[in-house]
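Heads up: the structure comes next, in structure tokens.
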Amino acid sequence: MMKNYISILFVSVMGLCSSSLMGEELSKAKVPDLLPMVILGSGPAGLAAAQYSVRLGMPTTLFMGQTSGGLLTKTSFIDNYPGVMKVAGDIFMDTMIEQTRQAGVKILDETIVSVDLSQWPFMIGTEEGTMYRVLSLVIATGATPKMLNVPGEETHYGNGVSSCALCDGLFFKGKDVFVIGGGDSAVEEALQLAPHVKSVTCLVRSQQMRAAHSMQQKLQGYPTIKPPRYGVQVKSILGNNEGVTGIEILNIETNKTEVLDADGVFLAIGHHPNTDLFVGQLALSENGHILVEGRTQATSVPGVFAAGDVEDDLYRQAIVAAGRGAAAAIDAVSWLRKQGVTEDALKQLAS
Ligand code: NDP
């Protein structure tokens with residue numbers, strides 16, 4: 001098997017000069033490295049996958065992507081990760097990155113902009129044009145919450161504006177907050193906020209909620225959940241250094257604006273899974289999440305695994321993402337070993 005593996009590698013490295021890197025692409029490409037295990041993404045899923053992979057004996061390279069540490073770096077505080085006392089989101093992620101580095105993972109502060117999964121070893125390319133051949137890939141590129149793109153939203157993100165009630169709800173004890181959106185996520189956010197806040201109101205753009213009827217009914221069980229406001233659009237989010245103080249809304253029917261006093265704004269207008277690079281290459285769900293097989297993290301392409309919000313549209317929690325990252329690494333290392341990619345084979349190849 002080992003011989004088999006080495007000969008495949010030899011053929012594939014030689015193949016660089018022919019098939020996939022022709023013409024302009026070839027001239028842009030720098031030295032093509034061969035990487036046994038690559039993790040894309042530096043949120044909890046990617047970092048957990050990297051730590052597990054390296055501890056399982058696989059030389060592991062992690063590409064950070066555009067936001068080092070992922071979405072959690074924009075969360076005010078983490079207070080729901082067992083074993084970790086309340087900590088700022090960015091400090092939590094910095095610690096996880098440092099722990100991953102100390103475990104022996106090679107961390108590259110680069111973003112992968114091209115992926116070719118049609119041949120094995122797979123081919124990935126960075127923004128700078130460096131190409132790598134990859135034996136196994138764990139995709140942990142996360143999901144991006146959709147934003148309203150209104151004034152004040154970005155300024156107060158992490159300080160009054162949030163996309164995660166489960167993460168940040170406790171910081172709004174006794175406060176008046178608003179959830180933007182009328183889908184199932186908006187209802188979930190309102191239900192999670194209800195036990196803590198003084199009041200929570202959904203601001204819905206349409207004249208009706210998109211959420212399932214059964215979900216909407218749940219809203220009626222809490223005195224703190226106020227009736228939704230329909231046909232309203234957020235124009236801006238107001239605030240100061242201490243946080244949010246109000247929301248300016250437009251009544252779409254009357255075209256009148258109004259300012260509502262608010263201490264917090266929770267965005268629930270959907271997420272974009274970061275899967276653009278994999279469209280047409282991996283099986284994706286209707287809403288773009290990577291589909292994984294059964295109770296494993298395996299994708300539709302052997303040797304490619306996915307973990308975290310890029311494949312999980314249900315829980316979207318750091319602790320779940322980290323668990324799935326660990327599972328993806330175990331799956332990936334086990335798959336590599338089945339292909340003959342053992343520590344001995346790698347040493348032999350390097351010598
Ligand atoms: P949805 O696409 O279902 O709903 C998005 C909501 O946001 C809609 O009310 C939409 O309004 C509103 N919206 C979108 N853009 C804007 C904007 N720019 N300004 C104001 N409002 C806006 O997204 P969800 O995240 O709620 O759900 C995604 C999927 O996940 C769904 O399939 C859902 O069923 C599922 N899900 C299931 C859960 C469960 O079963 N417990 C929990 C969470 C999600 P409009 O209607 O006017 O377009």
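Give the residue, chosen from 344, 331, that is more than 30 Å from residue 166 (Cβ to Cβ), part of a helix (DSSP H, G or I) and of a type in the set (Asp, Glu).
When all the criteria are applied, what remains is 344.
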Point to revise | residue 336 being surrounded by 15 or more Cβ atoms within 10 Å (Cβ to Cβ) and either at pLDDT 95 or above or in contact with a strand residue (DSSP E or B) (Cβ under 6 Å, 6 or more places away or on another chain) (or both) | key: yes
Check your understanding: Hey, residue 313 hits all of (1) in contact with a helix residue (DSSP H, G or I) (Cβ under 8 Å, 6 or more places away or on another chain); (2) of a type in the set (Asp, Glu); (3) in a loop (DSSP other than H, G, I, E, B) but one; which does it fall short on?
Key -> (1)
Check your understanding: Looking at region 263-282, which of the residues that are assigned to a strand (DSSP E or B) and over 27 Å from residue 301 (Cβ atoms) is farthest from the ligand (Cβ to nearest atom)?
Key -> 264
Check your understanding: Filtering region 133-163 down to residues that are among the polar types (S, T, N, Q) and touching a Gly at 6+ places or on another chain (Cβ under 8 Å), which residue is nearest to the ligand (Cβ to nearest atom)?
Key -> 162
Study note, to complete from the structure: The number of residues in region 219-249 that are over 28 Å from the mean Cα position of the chain (by Cα) and within 11 Å of the ligand (Cβ to nearest atom) is 5
Practice item. Return yes when residue 125 is away from the ligand (no atom under 16 Å from the Cβ), under 13 Å from residue 33 (Cα atoms) and in a strand (DSSP E or B) and no when it is not. Key: yes
**Study point:** Residue selected from region 164-189 under the condition among the aromatic types (Phe, Trp, Tyr) and away from the ligand (no atom under 16 Å from the Cβ), by the criterion farthest from residue 260 (Cα to Cα)
**Key:** 171
Review point. In the list 124, 107, which residue meets the criterion of being among the β-branched types (Val, Ile, Thr), touching a Phe, Trp or Tyr at 6+ places or on another chain (Cβ under 6 Å) and more than 30 Å from residue 165 (Cα to Cα)?
Key: 124
**Study point:** Residue in region 68-76 that is assigned to a strand (DSSP E or B) and in contact (Cβ under 8 Å) with a residue 60 or more places away in the chain present
**Key:** no
Check your understanding: Mind checking which residues of region 77-111 are in a loop (DSSP other than H, G, I, E, B) and among the acidic types (Asp, Glu)?
Key -> 79, 109, 110
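The values are calculated or read from the model by the stated rules, or taken from the named source; none is laboratory data. Quick caveat, the model's predicted, so the values are computed rather than measured. Using ideal geometry, Cβ is built from the backbone for each residue, glycine included, and neighbour counts are taken over all protein chains shown.
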